[in-house]
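In what follows, a structure is listed as structure tokens, so that the remarks can point back to it.
What follows draws every value from the coordinates through simple rules; no lab data is involved. Model, not experiment: these values are computed from the prediction. Cβ coordinates were reconstructed from backbone atoms using ideal geometry, including for glycine residues, and neighbour counts include every protein chain displayed.
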Amino acid sequence: MNSLECRVYYDSSQHPAPPEACEERLDVHTDPAAVEALIRLGLSPRTDLPAVFLSDPGGRLRIIGLRLEPAELESLAAGPGIGGIPTSRLVVYSSDWCPDCRRAKRVLDEAETPFEEIDIDQNPQAEAMVLARSGGRRVVPTLRFDDRLWAFNPDPPLLRRLLQS
């Protein structure tokens, strides 16, 4: 995954315009389609902004950052990396049968990054959360860094970049 396309959602009536690090800047105050896109992902245009969405060239959502401060938004959009975004708890939503999950957990172990694992085949609430955040796709592994940063099936190089501070 060499390049990710960046979209930032913000509300001009509540926040200043975000930095120009993202190619696409969507103002929910003036763009009803932007509001609908957020709601489809189970996000609130009132409480979850500003938000950064990073997608692969095929359009699949790979990373979401929510309720970002300007410096956090800039860091995630430029990197992507989570340096400067405080994270204290990492949850890995996975499945036993998933080779990508095993690779992601191996990268986390190598980086000595503690995480909690939840098997979405065994936990319907966790599966529903992954479906809601990923646009209806049952994506594993999904990584949740606190409640503000989500990564969907990051390949090992992207995951290593995310973990670098």
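Worth a mention:
- Relative contact order of region 34-162, pairs being alpha-carbon contacts under 8 Å that are 6 or more residues apart, as %: 29 percent
- 222 nm mean residue ellipticity, helices alone, for the chain (DSSP H n ≥ 4; -39,500 (n - 2.57); rounded to 500): -8500 deg cm²/dmol
- Among the GluC sites (Glu not before Pro) in region 112-147, those located in a DSSP loop and surrounded by at most 10 other Cβ atoms within 10 Å of their own Cβ are E112.
- Sparse-neighbour loop sites [trypsin sites (Lys or Arg not before Pro); region 23-83; at most 12 other C-beta within 10 Å; DSSP]: R46
- At an R0 of 25 angstrom, the distance between the Cβ atoms of S44 and E23 translates into a FRET efficiency of 0.55.
- Segment E116-R137, extension gain: residue separation times 0.36 nm, minus the distance between their alpha carbons: 5.4 nm
- For region 82-159 versus region 1-33, the gap between their alpha-carbon centres in whole angstrom: 24 Å
- Restricting region 75-165 to trypsin sites (Lys or Arg not before Pro) that sit in a DSSP loop and have at most 14 other Cβ atoms within 10 Å of their own Cβ leaves R89, R137, R138.
- Relative contact order for region 1-106: 23 percent, from Cα pairs under 8 Å spaced at least 6 residues apart, divided by residue count.
- Considering only P141, L163, Q122, the residue lying farthest towards the positive end of the dipole of the chain is Q122, judged by Cα position with unit charges set on Cβ.
- T87 paired with S13, simple spin-label distance in nm, labels 7 Å along Cα-to-beta-carbon: 3.3 nm
- Which of D109, D48 has the fewest Cβ neighbours within 10 Å, and the rest in rising order: D109, D48
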